[in-house]
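Shown next, in structure tokens, is the structure this report addresses.
The values are calculated or read from the model by the stated rules, or taken from the named source; none is laboratory data. Because the structure is a prediction, the values reported are computed rather than measured. Heads up, the Cβs are rebuilt from the backbone with ideal geometry, glycines too, and the neighbour counts pull from every protein chain shown. Calculation scope for accessible area: heavy atoms of the full protein, side chains included, ligands and nucleic acids excluded. Shrake-Rupley method; radii C 1.70, N 1.55, O 1.52, S 1.80 Å.
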Amino acid sequence: YAFSDRPILTRDPQFIGVVNIRQKLLDCLLLDRLEAVLFPVVLAEPVRFVAAVGLGLLLAAPRPGGRWFRTAVYMPTVIPDVALAVLFLWVLNPLYGPLNQLLGLCGHQGYNWLADPSTACIGGGLLLAFPIRQALVVVLAARPLSSLPAAW
């Protein structure tokens, strides 16, 4: 795709070489676009990693009802991505979202999370940090079986 021109109405792509790549590298908005894409990822990945390792170690510790705790923590992460996006639209809502209500309890007026570019990146980072399902499963699977009690 990068080395071809694909018009909308015709089927046959035309080879144009590195023209597309050169055009994108000379674009004055390239750094802004890279920042908008990379900031939420750089924010979300450490949060997701720390949350997954912390929850995995906490849930792997032997305790009564440990299976139920693991199930209760893991089940919300099975939420489909569309439902997760709708949930975050509600959480980040400037009028009645719980995040702004929590900030209101602290005396802050809140943000219009998705309308301002700086707070939209933070909101995107929060959305990306929430699903920790794969990392949590890996952490739980990496725990040695010898540390678990025989009843498990």
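Going through (1) loosely packed, with under 14 Cβ neighbours inside 10 Å; (2) under 12 Å from LEU126 (Cα atoms) one by one, ALA72 falls short only on (2). Restricting attention to region 18-58 and to residues that are outside any helix (DSSP H, G or I) and more than 18 Å from TYR1 (Cβ to Cβ), the residue that is farthest from the chain's Cα centre (by Cα) turns out to be LEU26. Of the set (1) part of a helix (DSSP H, G or I); (2) open to solvent by less than 60 Å² (accessible area, probe 1.4 Å); (3) in contact with a Pro (Cβ under 9 Å, 6 or more places away or on another chain), all apply to LEU103 but (3). Considering only residues in region 61-84 that are modelled with pLDDT of 80 or more and among the small types (Gly, Ala, Ser), the one that is farthest from LEU136 (Cα to Cα) turns out to be ALA83. Within the option set LEU95, LEU89, LEU9, being closer than 28 Å to LEU136 by Cβ and either within 23 Å of the chain's Cα centre (by Cα) or not in a helix (DSSP H, G or I) (or both) holds for one residue only, LEU89.
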